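The values are calculated or read from the model by the stated rules, or taken from the named source; none is laboratory data. Source: prediction; values computed, not measured. Here the Cβ positions follow ideal geometry from the backbone for every residue, glycine too, while neighbour counts run over all protein chains shown.
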Amino acid sequence: MSIQPLLPLVEHAVAMCAAQSRVGFDVRPALGDVQVAADAAGLTQALVVLLSHAARCAPAGAVVDVSVQRNAATARIAVSGVADDGQTLRMVAAIIEQHRGTTGFSHPDQFYADLPLAGPPRNT
């Protein structure tokens, strides 16, 4: 694992999914630089699986919201329109846990992945 800026990984995963999707994606980036210790390929794989799942769950023409937020010690990636599908989400969770992160639902259809920030926490 190496220190990676998170937003380019998210944007790359969105671009991969958008090219083959019948829905749109709206990415809302965090203010400031958000870096995490990550295996770029593994984290991108988890994001593609999650975003593809959200796209499959959404009706044609819908917009899947993707946000990147910076908290005190973590970065949160939140994706709207995610149905609770155990197998898909277990795969995503397993990869996020390899990055010392956690996953869950913050709303009935909004799935999140929290990853520890790289380096010391900064005041925001």
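See the values below:
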quantity: Conditions (1) more than 12 Å from GLN110 (Cα to Cα); (2) surrounded by 14 or more Cβ atoms within 10 Å (Cβ to Cβ): number failed by ALA78; calculated: (1)
quantity: Failed item in (1) within 16 Å of GLN4 (Cα to Cα); (2) at pLDDT below 90; (3) surrounded by 12 or more Cβ atoms within 10 Å (Cβ to Cβ), with ALA83 passing the rest; calculated: (1)
quantity: Some residue of the range 43-53 being closer than 14 Å to ALA113 by Cα and more than 11 Å from the chain's Cα centre (by Cα); calculated: no
quantity: Near pairs, Cβ below 9 angstrom, 6+ apart or cross-chain, from the range 66-82 (within 18 Å of ALA18 (Cα to Cα)) to any residue that is part of a loop (DSSP other than H, G, I, E, B) and hydrophobic (A, V, I, L, M, F, W, C); calculated: SER67/ALA30; VAL68/ALA30; VAL68/VAL34; SER80/ALA58; GLY81/VAL23; GLY81/ALA58; GLY81/ALA62
quantity: Residue among GLN69, GLN98 that alone is surrounded by fewer than 19 Cβ atoms within 10 Å (Cβ to Cβ) and farther than 17 Å from GLU11 by Cα; calculated: GLN98
quantity: Restricting the range 103-113 to residues that are under 12 Å from the mean Cα position of the chain (by Cα) and surrounded by 15 or more Cβ atoms within 10 Å (Cβ to Cβ), the residue that is farthest from GLY42 (Cα to Cα); calculated: GLN110
quantity: Hits in the range 36-54 (condition: among the hydrophobic types (A, V, I, L, M, F, W, C) and surrounded by fewer than 21 Cβ atoms within 10 Å (Cβ to Cβ)); calculated: ALA37, ALA40, ALA41, VAL48, VAL49
quantity: Failed item, numbered, when ASP33 is tested on (1) surrounded by 14 or more Cβ atoms within 10 Å (Cβ to Cβ); (2) assigned to a loop (DSSP other than H, G, I, E, B); calculated: (1)
quantity: Boolean, VAL92 is part of a loop (DSSP other than H, G, I, E, B), closer than 16 Å to LEU47 by Cβ and either in contact with a Leu (Cβ under 6 Å, 6 or more places away or on another chain) or modelled with pLDDT under 95 (or both); calculated: no
quantity: Test: residue in the range 38-57 that is within 14 Å of ILE95 (Cα to Cα) and either part of a strand (DSSP E or B) or of a type in the set (D, E, K, R) (or both); calculated: yes
quantity: Meets criteria (at pLDDT 95 or above, closer than 17 Å to HIS99 by Cα and among the small types (Gly, Ala, Ser)) for ALA46; calculated: yes
quantity: Residues of the range 7-59 satisfying the condition of being within 21 Å of GLY104 (Cβ to Cβ) and touching a Lys or Arg at 6+ places or on another chain (Cβ under 9 Å); calculated: ALA30, VAL34, ALA37, ALA55, ALA58
